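The values are calculated or read from the model by the stated rules, or taken from the named source; none is laboratory data. A quick note: this is a predicted structure, and the numbers were derived from the prediction, not measured. Here Cβ is always computed from backbone atoms with ideal geometry, including for glycine, and neighbour counts include all displayed protein chains.
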Amino acid sequence: MGLLSDIKDKLFRRKLQEEMARSSPKGNGSQQPINTDNARCILILFPADSSADRKVIDKWVDSHRKQGQKIKIAGFFNQDVGETNFGFPVISPKSLNWYGIPKEESLVEIKRVDCDLLFRLGPVIHKELDYLATIQRAALKVGPFKKDVETPYHLQFDASRAESIRDQLTAIEQIFSFTNANSTT
């Protein structure tokens, strides 16, 4: 069992590395830096198993949407959810190939989202969400900090100190409040 698991992990990492090499951020030229105030479209990737977390995300989306801005969400479920419609794209174990990469047909809806700011929420280690963040094009990708690991994230937050989805969203807001990337500069 250990050997098969090692092979699966190696194949997953190889595919992830290929996607990281292929993906490059959209250039925003001389525009001001992307942030939650001026982003045209924000995509939030998160573990969606908890209905409480889904409500936190919905509440955040409702309270942070600006005129002319889209906020899209996509979730990963640890179990198959069948044909249940959550109102957002869903990836589950049923959507994965044998070594854990989401099958191309399950990515169509997510890849269609044209975002310039991406948030990846959830635990520090979540290979499926990291893969989704890697393949999605965005000018700025925000995700959890991982020591000594190459990530697709341009801006990282300490998810070990902010474990709940609500705390992670607060940490991201705080980062943007301290950077010079706001709409008043």
Please determine whether any residue of region 85-104 is among the small types (Gly, Ala, Ser) and out of contact with any helix residue (DSSP H, G or I) (no Cβ under 7 Å at 6 or more places or on another chain). yes
Quick one: residue 157 ticks every box in (1) modelled with pLDDT of 90 or more; (2) closer than 22 Å to residue 37 by Cα; (3) surrounded by fewer than 22 Cβ atoms within 10 Å (Cβ to Cβ); (4) among the aromatic types (Phe, Trp, Tyr) except a single one, so which number is it? (3)
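I need the full set of residues from region 135-152 which are among the β-branched types (Val, Ile, Thr) and at pLDDT below 95, in order please. Outline the logic, then answer.
In the first step, residues of region 135-152 are kept if they are among the β-branched types (Val, Ile, Thr); the result is 135, 142, 149, 151.
Once the filter is applied, which keeps residues that are among the β-branched types (Val, Ile, Thr) and at pLDDT below 95, region 135-152 yields 135, 149, 151.
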Looking across region 174-185 at residues that are surrounded by fewer than 14 Cβ atoms within 10 Å (Cβ to Cβ) and in a helix (DSSP H, G or I), the single one that is modelled with the lowest pLDDT is 178
Strands (runs of 3 or more DSSP E) within region 75-167 that include 2 or more residues among the polar types (S, T, N, Q) and touching a Cys at 6+ places or on another chain (Cβ under 7 Å): none
Residue 57: part of a strand (DSSP E or B), within 15 Å of the chain's Cα centre (by Cα), among the hydrophobic types (A, V, I, L, M, F, W, C) and buried (at least 18 other Cβ atoms within 10 Å of the Cβ), yes or no? no
What is the one condition in (1) in a loop (DSSP other than H, G, I, E, B); (2) without any contact (Cβ under 8 Å) to a residue 24 or more places away in the chain; (3) under 23 Å from residue 145 (Cα atoms) that residue 13 does not satisfy? (1)
So, in region 109-141, how many residues would count as being over 23 Å from residue 39 (Cβ atoms) and either aromatic (Phe, Trp, Tyr) or surrounded by fewer than 19 Cβ atoms within 10 Å (Cβ to Cβ) (or both)? 4
Every pair of residues 6+ apart whose Cβ atoms lie under 6 Å, when the first sits in region 46-68 and is under 13 Å from residue 165 (Cα atoms) and touching a residue at least 24 places away in the same chain (Cβ under 8 Å) while the second is of a type outside the set (A, V, I, L, M, F, W, C) and not in a strand (DSSP E or B): 46/122; 47/122; 48/54; 49/78; 56/166
For region 55-71, what are the residues that are in contact with a helix residue (DSSP H, G or I) (Cβ under 9 Å, 6 or more places away or on another chain) and under 22 Å from residue 107 (Cβ atoms)? 57, 71
Give the number of residues within region 142-154 that are touching a residue at least 12 places away in the same chain (Cβ under 8 Å) and surrounded by fewer than 19 Cβ atoms within 10 Å (Cβ to Cβ). 5
Checklist (1) touching a residue at least 12 places away in the same chain (Cβ under 8 Å); (2) surrounded by 15 or more Cβ atoms within 10 Å (Cβ to Cβ); (3) touching a Ser or Thr at 6+ places or on another chain (Cβ under 9 Å) applied to residue 94, failing item: (2)
